[in-house]
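Accompanying notes for the structure given below.
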Amino acid sequence: MEPFQNPDFIPLEDLMLKVKTGGIADYVPALDEKWVEERYFLHYEVPNIYSNNGCEIMGAKEHWIEIMSYMIDDLKWVLSLPFYRFWSNIVFNTSILDALVSFLQDAPPFYALESFPNDSEMRSILETLRHYVLLVFARLVTNKESPTEHMTIPFLGRLLYDNFIFTVPIIYDLCQLYGRENEKAVTRILDSLFKIQPLYNDDVERSVPYLVKALSNVETRFQDRPIYLSGEAVPLSNGQNDGVKITLFALEDMILYVLDISSTISTFLKNYPASVKKYHNENFINKIVSIYENTIPEMYKKLNELAYNEENLTKFIELRHRLDVTRIELLHLYRTIVHEPMEKIHQKLDILTVEEIKEQVDDYLNFLSNAISEKEFITDYHQFYPVGSDLEELSKICPELDTIKRNYILQAVYAAIGDSQISAVVSSSDKNEVVAGPSSVQSNQPSTSSENVIPENVIQEPVRRSSVEVASLVSEVKDILGHLGEGFIQMCLKHYNYNTAAVINSILEHTLPPNLSKLDVSLPYIPPDPEEASIAVDNDIGVERLNVFDNDEFDIMTRDVIDMSRVHKGKRKDKYKNINELLNDKSEVRKVSDIYSKYSLVMDDYDDEYDDTYDSHDVRGTAQDDVPDSRSFTTPRVLLAKEKHSTESEDEKDSDSDGENNSNELDGRDCFVQNPADLRAKAENRRQALRGNKPTNDVAGKPKGQGQDKDVTINRDKKNTHKATRANHNRRAGAQWKQRQGMIPS
């Protein structure tokens with residue numbers, strides 16, 4: 001007979017139940033260890049039914065199904081217990097919580113469902129077990145099941161918190177496992193839990209620094225400096241050999257670690273939006289951006305290095321797919337945290353004041369300003385969540401938006417993504433949320449590659465590539481998929497805007513569009529014929545073009561891109577006419593001087609005065625130091641003869657006059673530059689000596705009007721008389737002489 005009786009509707013914590021033992025009545029609390037059943041609950045086990053060579057292990061499947069059936073029966077029994085027995089077993093039988101936690105930790109999340117055995121019976125049992133575990137957690141946050149079976153909310157909050165029935169890791173695991181497919185149930189559980197015990201809000205806020213530390217540990221593994229197993233100081237000389245080498249297994253573990261953290265927090269915030277403000281931590285947001293910008297690309301490189309071969313091709317495709325999902329989850333997590341102020345404005349537009357709206361808008365702009373310096377992150381973020389649409393929406397909500405900061409963010413975003421990747425927003429109202437999922441699950445989830453996932457509200461402009469670039473991309477795809485023809489690869493690249501990762505992923509997952517899937521995969525590459533392009537143009541315009549310049553490099557009818565630097569009107573004018581203009585052009589120097597003048601590094605002041613600062617100092621060591629122990633200077637014997645000769649000539653120099661001394665000094669060898677007038681006079685004297693002092697035949701004389709010397713007049717007459725002896729003078733006289741001699745007919 002059930003001893004539970006509560007006609008007065010007393011709460012469970014105050015209720016006493018009457019129990020008769022051997023005819024003696026006794027009162028026992030309704031929440032007591034007496035009501036606990038001696039029953040052990042099994043833990044969840046990961047199914048391992050295949051051997052290393054892929055064969056199914058005999059009896060492994062049946063063993064796993066048997067254990068899961070026991071767990072299902074145990075959970076059914078727990079759920080069938082009355083209110084007071086249920087809570088007595090939960091509080092005093094810890095094996096129940098251990099079994100629940102084992103399922104939360106080891107059950108396959110959404111990104112690992114593809115690695116679960118593809119067996120219908122096993123999947124059906126897994127779904128049944130998932131259902132009953134969720135029902136147990138839903139009952140744990142229910143304080144009243146009937147008027148007679150209930151407990152007060154404060155007591156339930158203390159019961160859950162003090163006995164660690166719910167903890168932050170349990171909350172995160174519950175969201176990871178159920179938050180996507182059972183969003184309403186998980187949202188109800190979380191709302192009730194945080195309402196029953198507000199202390200969980202503080203625990204969630206305190207968990208954020210631990211998440212930052214966890215992500216930092218992963219980020220540190222991919223930095224240039226080596227990582228050591230112990231925290232002790234290590235000499236720098238050992239830095240090259242003692243670092244922990246990243247293996248393929250360790251790389252897979254870190255990829256799943258980052259994916260699990262990002263997807264868990266993203267799902268938790270989606271199911272319980274009230275806690276978004278707890279994650280408005282600058283370190284956490286910056287860490288998300290840093291992981292996306294620095295660590296994820298290094299993971300791709302390390303994956304290509306370790307698994308890009310025939311032996312590990314399957315593992316390579318699997319991990320690359322999970323890396324793509326990780327990128328999407330990080331972007332979605334960042335969006336959820338950063339976009340929360342805008343959502344709050346829309347919900348409370350009539351309640352918030354102008355100052356509060358402006359403050360929340362500034363928070364959103366500050367978050368974007370911190371992220372725009374990371375090119376990879378901001379490019380992908382803008383692809384999924386166009387920044388221009390957000391800023392335009394903010395301008396409508398807050399007319400006093402800082403236009404300078406807004407324009408700066410827009411310019412920085414478009415400068416980071418490049419002109420060829422600027423996408424036009426069609427409609428911001430019909431935006432579809434991007435949800436990541438495994439590649440084998442056929443649902444409304446998009447492709448796993450973030451580069452291949454394009455939101456429906458975005459139209460991408462076609463990307464142009466040169467022939468050399470196209471050949472390189474074709475070679476890159478052919479290295480992985482060697483059986484494909486170059487023509488087929490080129491058509492796929494053109495369809496996917498020359499994105500090799502998207503092409504490879506679509507071919508491997510058989511998700512090519514119909515126009516490509518119908519083509520022959522071995523289609524070779526056929527170079528385009530220029531004549532065909534010309535004929536196509538003629539057909540379009542209806543006139544046959546007959547010109548020698550058809551199909552040349554400047555034909556705008558058949559070419560979309562023309563090198564305009566080679567096109568000019570009239571004669572091309574060079575920038576410089578000759579080398580002198582090139583050397584005299586100081587425009588670049590002036591530009592540089594303007595830049596350096598701001599830092600006071602250019603000084604135009606030139607002081608040509610003689611610096612006599614150190615003239616009084618013996619900087620050359622010519623003076624004799626007054627040192628008692630120093631050795632006296634000794635003249636070498638080679639120089640004694642010269643010194644003696646100079647001593648003898650001193651008396652002769654003293655007897656000369658000052659003028660003669662000056663002339664001797666000028667004529668000596670020590671004179672650096674002699675007087676040019678003296679040099680010319682000496683040269684004239686040498687010429688006169690060579691001619692034997694003959695007079696010169698001067699015919700120029702003095703300037704006109706000053707009279708001429710007799711020698712000049714005589715020289716002029718001689719010149720006029722004898723001028724016929726040379727050059728072409730006296731030709732008339734020569735011709736007359738020849739005529740008289742009969743040489744020339746008259």
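The lysines within cross-link reach of Lys302, meaning a Cα-to-Cα straight distance under 20 Å and a gap of 8 or more places when in the same chain, are Lys245, Lys315. Estimated at the nearest 10 Å², the accessible area of Phe110 is 20 Å² with a 1.4 Å probe. Farthest towards the positive end of the charge dipole of the range 245-352, among the residues Leu303, Leu352, Leu323, is the Cα of Leu352, using unit charges on the Cβ of Lys, Arg, Asp and Glu. Between Ala681 and Gln739, the FRET efficiency estimated from the beta carbon spacing at R0 = 35 angstrom works out to 0.05.
Counting only protein chain heavy atoms and rolling a 1.4 Å probe, the accessible areas of Asp380, Asp32, Asp98 rank, largest first, as Asp98, Asp32, Asp380. The solvent-accessible area of Val592, taken with every protein chain present and a 1.4 Å probe, is close to 70 Å². Taking all protein chains into account, the per residue accessible area for the range 1-136 stands at 55 Å² (1.4 Å probe). Label sites at Glu476 and Asn584, each approximated as a point 7 angstrom past Cα along Cα to Cβ, lie 5.2 nm apart. Cross-link partners for Lys195 among the lysines, with Cα-Cα distance under 26 Å and sequence neighbours closer than 8 places in the same chain left out: Lys144, Lys184, Lys270, Lys277, Lys278, Lys344, Lys348. Just the protein heavy atoms count here, and of the accessible area of the range 321-365 at 1.4 Å, carbon and sulfur take up 49 percent. For Gln347 and Ile72, the FRET efficiency from 1/(1 + (r/R0)^6), where r spans their Cβ atoms and R0 equals 45 Å, is about 0.60.
Computed from label points 7 Å out along Cα-Cβ, the spacing between Asn515 and Val19 is 7.8 nm.
Can you sort Thr94, Thr220 by 1.4 Å-probe accessible area, starting with the largest?
Most to least solvent-accessible, the answer reads Thr94, Thr220.
The solvent-accessible area of Asp253, taken with every protein chain present and a 1.4 Å probe, is close to 100 Å². For the range 708-723, 3J(HN,Hα) computed residue by residue from phi via the Karplus equation (6.51, -1.76, 1.60; θ = phi - 60°) reads 10, 6, 5, 5, 5, 5, 4, 4, 5, 5, 4, 5, 5, 6, 9, 6 Hz, glycine and proline entered as x. Give me the percent of accessible area attributable to carbon and sulfur for the range 51-95, probe 1.4 angstrom. Of all accessible area on the range 51-95, carbon and sulfur atoms account for 55 percent. Between amide H atoms placed 1.01 Å from N, distances below 5 Å from Tyr50 occur with Ile57, all of them 5 or more places distant or on a separate chain. Between Asp717 and Tyr576, what is the FRET efficiency for a Förster distance of 56 Å, r being their Cβ-Cβ separation, to the nearest 0.05? For Asp717 and Tyr576, the calculated efficiency is 0.50.
With every protein chain kept in place and ligands, DNA and RNA left out, what is the accessible area per residue of the range 296-360? Probe 1.4 Å, answer in Å².
Details: 3240 Å² over 65 residues.
Ligands and nucleic acids excluded, the result is 50 Å² per residue.
By the rule of a C-alpha distance below 19 Å, with chain neighbours fewer than 8 residues away ignored, the lysines paired with Lys494 are Lys478, Lys518.
The values are calculated or read from the model by the stated rules, or taken from the named source; none is laboratory data. Source: prediction; values computed, not measured. Positions of Cβ are generated from backbone atoms using ideal geometry, with glycine treated the same way; all protein chains shown enter the neighbour counts. Just so you know, the surface numbers come from the protein's heavy atoms only, side chains and all, with ligands and any DNA or RNA stripped out. Shrake-Rupley method; radii C 1.70, N 1.55, O 1.52, S 1.80 Å.
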